[in-house]
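Remarks on the structure that follows.
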Amino acid sequence: MISYLAMATGFLLILIGFYGVLTNRNILRMIVAFTIADSGVNLAIVAIGYMPGRTAPILDATVKAGDAASRFIDPLPQALVLTAIVISVGVTALMLAYAYKLYEKRRSLDIAKFTELKW
Amino acid sequence: MVKRFVALLLLVAVGAMFTTLLVGYGPDLELNLTARYYAEHSAADIGAANIVTAIIATYRGLDTLGEVTVLFLSATILGLVLAQGRRQASRGSSLVPAGELLTTGSRVLAPLIILLGVYVFVNGHLTPGGGFQGGAIIASGMLLLLLADPVKRFSHRLIATVESLAGIFYVAIGLIGLFLAGGFLDNRFLPTGELGALVSAGAIPLIYSLIGLKVGAEFSTMLAKLSETEAL
Amino acid sequence: MSTLLTAMTVVLCLAMLVAAFVAVSGKSLPIAILAAGLVSLLASVLFLILASPDVAMTEAAIGSGLTTFLFFFVLGRVRSGEKEDSHHG
């Protein structure tokens with residue numbers, strides 16, 4: 001039940017993020033919406049690996065190495081999401097640097113004003 | 001109005017796709033084959049108590065090398081895009097000096113924050129944590145120093161040297177694993193030790209310390225470069 | 001115990017969706033950035049309920065801390081970007 005809720009919330013966050021990217025005109029607001037979509041993607045991926053009744057994949061005094069396979073959830077989505085979170089912050093920083101440079105050129109953050117690439 | 005309508009139509013289509021995914025999903029009752037292999041063999045082969053660390057550092061170590069490369073690229077391109085001339089000397093006089101509370105508090109807190117970051121990445125193979133979390137915490141400590149004293153220039157050369165040396169040693173450890181142990185980024189050229197001790201899991205503490213230093217240096221570079229831009 | 005966890009999950013998910021709406025269609029840009037940071041923070045707590053402490057730590061440190069700071073650095077340099085038309089229609 002928990003993983004259903006988390007996955008549904010992740011998908012809804014992705015949709016809200018896409019809606020923000022498609023309807024906003026201020027570049028900084030579009031980047032904020034991308035951040036929300038990133039959080040949604042990470043949530044949906046981690047929710048796949050959850051198994052009810054089991055615990056986190058760390059061996060300590062309560063879970064010995066022998067019964068690891070029957071007490072742990074899937075550790076692979078967590079490793080993938082770790083990578084994804086770190087890369088998303090790098091991409092966000094780059095997007096913000098480009099937004100700053102665009103503002104420096106044109107003094108405007110409205111994306112409808114940048115028409116050089118339009119036909 | 002048309003643009004809004006088309007956007008909503010697109011979102012409804014993507015939402016229908018997600019709904020079919022959600023309806024067809026059911027949580028597993030048993031671990032699948034890959035996860036079972038990782039859960040059963042990581043204690044005996046790798047010696048790390050944190051299975052996610054064992055996956056990131058050794059089983060899928062090449063992905064981590066790629067991720068570190070992507071971070072390095074993004075920090076470099078950020079520095080390139082934001083390259084300015086020398087910052088004007090009059091910039092400093094227009095900033096309000098930080099209050100006494102912030103200055104004294106940052107002097108007390110910043111060493112503690114950096115110590116927490118170092119603790120997190122040194123113990124990455126035993127408890128939740130690791131190189132990326134420790135690096136982010138170290139960058140937060142640097143950010144506190146930056147906020148308390150905005151005029152202070154960070155020594156970019158020191159941070160760049162730390163980052164480059166950490167990257168070079170990380171690849172060197174991978175190559176040592178290729179020659180002395182099973183393959184690239186194999187951690188068994190140092191003794192695996194007993195499960196749960198600090199000096200265990202072969203070369204994983206070393207790998208994670210280097211990753212932690214590199215990631216912390218990269219995030220600090222990003223923050224320092226962004227804070228040295230001029231107000232427009 | 002598991003009803004408590006389910007109730008917490010429901011509350012967290014609803015709060016995340018409300019914060020995401022505020023971030024996407026709010027009127028003021030600093031509030032939108034803070035709402036995105038709040039989504040990250042609530043997602044970090046939800047990761048803990050989903051038995052992933054590594055991911056929770058990473059999301060809290062990086063997603064909720066560093067990303068919000070990056071936004072505010074750039075927003076501070078772009079002072080008059082707010083005067084532009086920020087929402088279509």
- Message: If you take every residue apart from B:Leu33 with its C-beta less than 13 Å away from the C-beta of B:Leu33, what net charge results, scoring Lys and Arg +1 and Asp and Glu -1?
- Response: -3
- Task: Let me know the mean shielding of A:97-107 by other chains, meaning the per-residue number of their Cβ atoms within 10 Å of its Cβ.
- Result: 5
- Query: Just for the Cα atoms in the range A:1-102, what are the lengths along the principal axes, largest first, rounded to whole Å?
  - Reply: 57, 27, 16
- Message: How shielded is B:167-174 by partner chains, expressed as the average number of their Cβ atoms within 10 Å of its Cβ atoms?
- Response: 0
- Query: What's the lysine pair count for the protein assembly as shown at a Cα cut-off below 20 Å, pairs eight or more apart or interchain?
  - Reply: 14
- Go ahead and set up a Gaussian network model of chain B, Cα springs under 10 Å, then flag whichever of B:Gly66, B:Gly105, B:Gly26 fluctuates most. B:Gly26
- Name the residue, out of A:Phe11, A:Phe72, A:Phe34, whose mean-square fluctuation peaks in a Gaussian network model built on chain A with Cα pairs under 10 Å. A:Phe72
- Just tell me, in residue order, which DSSP H segments of chain B are both 24 angstrom or longer along the helix axis (alpha-carbon based) and at least -0.5 in mean Kyte-Doolittle hydropathy. B:2-23, B:61-81, B:100-122, B:131-148, B:156-180, B:204-227
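Output the relative contact order of the range B:1-145, whole-number percent, from Cα pairs under 8 angstrom with separation of 6+ residues. Walk me through the numbers on the way to the answer.
On the way: 74 pairs, mean separation 28.0, N = 145.
Contact order relative to length: 19 percent.
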- Item | Kirkwood-based shape ratio for the range B:136-177, expressed as Rg/Rh from alpha carbons | 1.17
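Under the √(5λ) rule applied to the eigenvalues of the Cα gyration tensor, what semi-axes describe the equivalent ellipsoid of the range C:2-79? Give them in Å, descending.
Details: eigenvalues 138, 51, 5 Å².
Gyration-tensor ellipsoid for the range C:2-79: 26, 16, 5 Å.
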- Query: With the contact rule set at Cα under 8 Å and sequence spacing of 6 or more, what percent relative contact order holds for chain A?
  - Reply: 27 percent
- Under a Gaussian network model of chain A whose springs join Cα atoms within less than 10 Å, the largest fluctuation of A:Ala69, A:Ala61, A:Ala47 belongs to A:Ala61
- Message: Which three numbers, in whole Å and largest first, are the semi-axes of the equivalent ellipsoid of chain B derived from its Cα gyration tensor as √(5λ)?
- Response: 37, 30, 18
- Item | Relative intensity, log₁₀ I(q)/I(0), of the protein assembly as shown from a Debye sum that treats every alpha carbon as a point, q = 0.06, 0.08, 0.10, 0.14 Å⁻¹ | -0.27, -0.48, -0.76, -1.35
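Any read-out appearing in this document is the output of simple, stated calculations on the displayed coordinates, not a laboratory observation. These numbers were taken from a predicted model, which means no experiment stands behind them. When we count neighbours, we look across all protein chains shown, and the Cβ atoms used for this are built from the backbone with ideal geometry, even at glycine.
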